[in-house]
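Below is one structure, written out as structure tokens; comments come after it.
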Amino acid sequence: MTRSDRYEPKSNQYSGALDTTSPRAIVSSARKILLGDVLKPESQARLEAGMVACKPGVRRIRATLPEGWIIGDRPGENVTEESNDYAIVRPPGRAPLLVATYYDAPKTSTADREAVIHEAGTVFAKWAAG
């Protein structure tokens, strides 16, 4: 289950079950919102365009995909413990894919956590290009 209980920046502060999700849950939610019938097509397109324009995750999943693939992502983090990214990926001529990576490593730098997410993205890109 995905929970969104508080607004930024408080939602980035660990507090038990508040503001939590899992990779499986966020992909399920993203599928319904971005590819399902929860939003009108115009709203889906607007949301995805905002995700495509997103810049904070440039060293995460986005950095691992082949040229010509379109990606819209939504990175996030708790500065001292966790980094994550979820994305809709559109390989040319294929159905869209959804992917999520979450890494919890207290007292590890953001750069080191991003490197792990980048590595997971590399595995995903290899699989998806397969």
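According to the square roots a ≥ b ≥ c of the eigenvalues of the Cα gyration tensor, what is the shape class of region 44-91, taking rounded for a/c under 1.5, prolate for a/b larger than b/c otherwise, and oblate for the remainder?
Oblate, because a/c is 1.5 or more while a/b does not exceed b/c.
For region 1-74, which GluC sites (Glu not before Pro) pass both filters: DSSP loop (anything but H, G, I, E, B) and at most 13 other C-beta atoms within 10 Å?
Hits after loop and neighbour filter: Glu67.
By how many nm would the segment from Ala115 to Ala45 grow when fully extended, if each residue of separation counts as 0.36 nm and the alpha-carbon distance is taken off?
Length gained between Ala115 and Ala45: 22.2 nm.
Evaluate the relative contact order of the chain (contact order divided by residue number), counting alpha-carbon pairs under 8 angstrom at least 6 apart; express in whole percent.
Normalised by residue count, the contact order of the chain is 21 percent.
What is the extension gain from Asp37 to Ala25, computed as 0.36 nm multiplied by their sequence separation minus the C-alpha to C-alpha distance, in nm to one decimal? Can you show the working numbers first?
Working: separation 12, 0.36 × 12 = 4.32 nm, distance 1.74 nm.
Length gained between Asp37 and Ala25: 2.6 nm.
With θ set to phi - 60°, apply the Karplus curve 6.51 cos²θ - 1.76 cosθ + 1.60 along region 116-130 and write out the HN-Hα couplings as whole Hz, x wherever there is a Gly or Pro.
Once rounded to whole Hz, the list reads 5, 5, 4, 4, 4, x, 4, 5, 4, 4, 5, 4, 5, 7, x.
If you put +1 on each Lys and Arg Cβ and -1 on each Asp and Glu Cβ, how big is the dipole of the chain around its Cα centre, in Debye rounded to 20?
Around 320 debye, computed over the chain.
Please report the Cα spread of region 10-129 along all three principal axes, rounded to whole Å, starting with the longest.
Sorted largest first, the three principal extents are 41, 30, 22 Å.
Nearest 500 deg cm²/dmol is fine: what mean residue ellipticity at 222 nm does the chain get from its DSSP H runs of n ≥ 4 alone, each adding -39,500 (n - 2.57), divided by its residue count?
Taken over the chain, the calculation gives -10000 deg cm²/dmol.
As an exercise, use a Förster radius of 25 Å and the Cβ-Cβ distance of Val52 and Ala129 to find the FRET efficiency, rounded to the nearest 0.05. Mind showing how you got there, number by number?
Working: r = 20 Å, r/R0 = 0.78.
The formula returns an efficiency of 0.80 here.
Would you please name the trypsin sites (Lys or Arg not before Pro) within region 83-130 that are DSSP coil residues with at most 15 other C-beta atoms within 10 Å of their C-beta?
Listed in order of number, the matching sites are Arg94, Lys107.
Whole angstrom only: what separates the Cα centroid of region 66-130 from the Cα centroid of region 28-60?
Result: 15 Å between the Cα centres.
Using label points projected 7 Å from each Cα along Cα→Cβ, tell me how many nm separate Glu8 and Val79, to one decimal.
1.4 nm
Can you spot the aspartates and glutamates whose alpha carbon is less than 19 Å from Lys126's alpha carbon? Ignore those fewer than 8 places along the same chain.
The qualifying aspartates and glutamates are Glu67, Asp73, Asp85, Glu114.
Taken together, the values in this text are just the output of simple stated rules run on the coordinates, not laboratory data. Bear in mind that the values here come from a model prediction, so they are computed numbers and not experimental data. Cβ coordinates were reconstructed from backbone atoms using ideal geometry, including for glycine residues, and neighbour counts include every protein chain displayed.
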